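The values are calculated or read from the model by the stated rules, or taken from the named source; none is laboratory data. This one's a predicted model, so the numbers in the text were calculated from it and none came from an experiment. Every residue, glycine as well, gets a Cβ built from its backbone with ideal geometry; the counts of neighbours run over all protein chains shown.
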Amino acid sequence: MNVIEAHKYSDFVRKESSSILYSNDEHYIINIGFDIARRLGQDGAQVVISSRNQQKVDNALAELKSQNLSISGMVCHVSKDEHRKSLVQKTVEEFGGIDIFVSNAACSPHFGPMMEISEAGWDKLWDTNVKAGFMLAKEILPHMRKRGGGSIVFVSSIGGYNPFPVIGSYSVTKTALLGLTRAMSNALAPENIRVNAIAPGVIKTKFAAMLTQEDPELIGIPMKRYGTPKDCSGTVSFLVSDDASYITGETIVMAGGMTSRL
């Protein structure tokens, strides 16, 4: 999922905003993207969510609306230019502008030795995990500029620092997001548009099911537990808030103490 807000406000300031959320999760409704949407909604945001699958959008909307959150959503294949444009247009038409974008769309089509991935699988990884987020951010930028600034958050991974052997190719795309975050932050800081990232560790969701079957201590998590979506959503809430107004170009790791240096 990705997030775009409308009408985000804190105790001290209220501002129009919008958020977009995408998810490739097929069964669990509680995943990182969903919980980010929920947390930002609880913070006062009007949120737009999206997924490749209409049923996933409908399920998420039903759950979030049952919590009295201001939420909208639509189907979006983030690797398709026309879908990205439609998503941004819907958000602006419905909520009047965009202040916040959380890029969380990701796929992992290959599980196994990195050198065995196909060219098609490699292309899909980069199109979804890196290119789509960048192109969607470009689509959103004119709307942030109209509002005098904004906040972008990319969801990377601890695997971006220390690639997991069974998802090495996926991990490389997450490393790319670390560089993308720093490069975009340098380019956009003069326009009051902040760009940061989070790097979750092993979070207990369906997406990471192949990693969470082992004892967390055995896979090198010093805190001896897996993370939860709430560990991620709280950090995103901070990064897009006024409390983080002087933070840009940074990646915050929440990985239970796992090593996080390139």
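Name the single residue, out of those in segment 28-68 being β-branched (Val, Ile, Thr) and touching a residue at least 60 places away in the same chain (Cβ under 8 Å), that is nearest to residue 203 (Cα to Cα).
Among them, the one singled out is 32.
Filter segment 111-132 down to residues that are part of a helix (DSSP H, G or I) and either of a type in the set (Ser, Thr, Tyr) or within 22 Å of the chain's Cα centre (by Cα) (or both), then give me how many there are.
Residues meeting the conditions: 12.
List the residue pairs whose Cβ atoms are under 9 Å apart, where the first residue sits in segment 121-146 and is under 28 Å from residue 167 (Cβ atoms), the second is at pLDDT below 95 and among the aromatic types (Phe, Trp, Tyr), and the two are 6 or more positions apart or on different chains.
Within 9 Å, the pairs are 125/170; 129/170; 132/22.
Go over the candidates 191, 119 one by one and state the one that is within 24 Å of residue 244 (Cβ to Cβ) and either out of contact with any strand residue (DSSP E or B) (no Cβ under 8 Å at 6 or more places or on another chain) or surrounded by fewer than 18 Cβ atoms within 10 Å (Cβ to Cβ) (or both).
Going through 191, 119 in turn, just one is within 24 Å of residue 244 (Cβ to Cβ) and either out of contact with any strand residue (DSSP E or B) (no Cβ under 8 Å at 6 or more places or on another chain) or surrounded by fewer than 18 Cβ atoms within 10 Å (Cβ to Cβ) (or both): 191.
Somewhere in segment 156-177, is a residue in a strand (DSSP E or B) and closer than 18 Å to residue 101 by Cα?
No, that holds for no residue.
I'm trying to understand the selection: among the residues of segment 143-180, which are over 17 Å from the mean Cα position of the chain (by Cα) and of a type outside the set (Gly, Ala, Ser)?
The answer is 143, 144, 145, 146, 147, 161, 162, 163, 164, 165, 166, 167.
Take the conditions at pLDDT below 95 and within 19 Å of residue 77 (Cα to Cα) and apply them to residue 164. Does it pass?
Considered against the rule, which asks whether it is at pLDDT below 95 and within 19 Å of residue 77 (Cα to Cα), residue 164 comes out as no.
Scan segment 220-239 for residues that are among the hydroxyl-bearing types (Ser, Thr, Tyr) and either in a helix (DSSP H, G or I) or closer than 14 Å to residue 37 by Cα (or both) and jot them down.
Hits for segment 220-239 are 233, 235, 237.
Every residue in segment 194-227 that is buried (at least 23 other Cβ atoms within 10 Å of the Cβ), polar (S, T, N, Q) and either modelled with pLDDT under 95 or more than 17 Å from residue 134 (Cα to Cα) (or both), please.
The one that is buried (at least 23 other Cβ atoms within 10 Å of the Cβ), polar (S, T, N, Q) and either modelled with pLDDT under 95 or more than 17 Å from residue 134 (Cα to Cα) (or both): 205.
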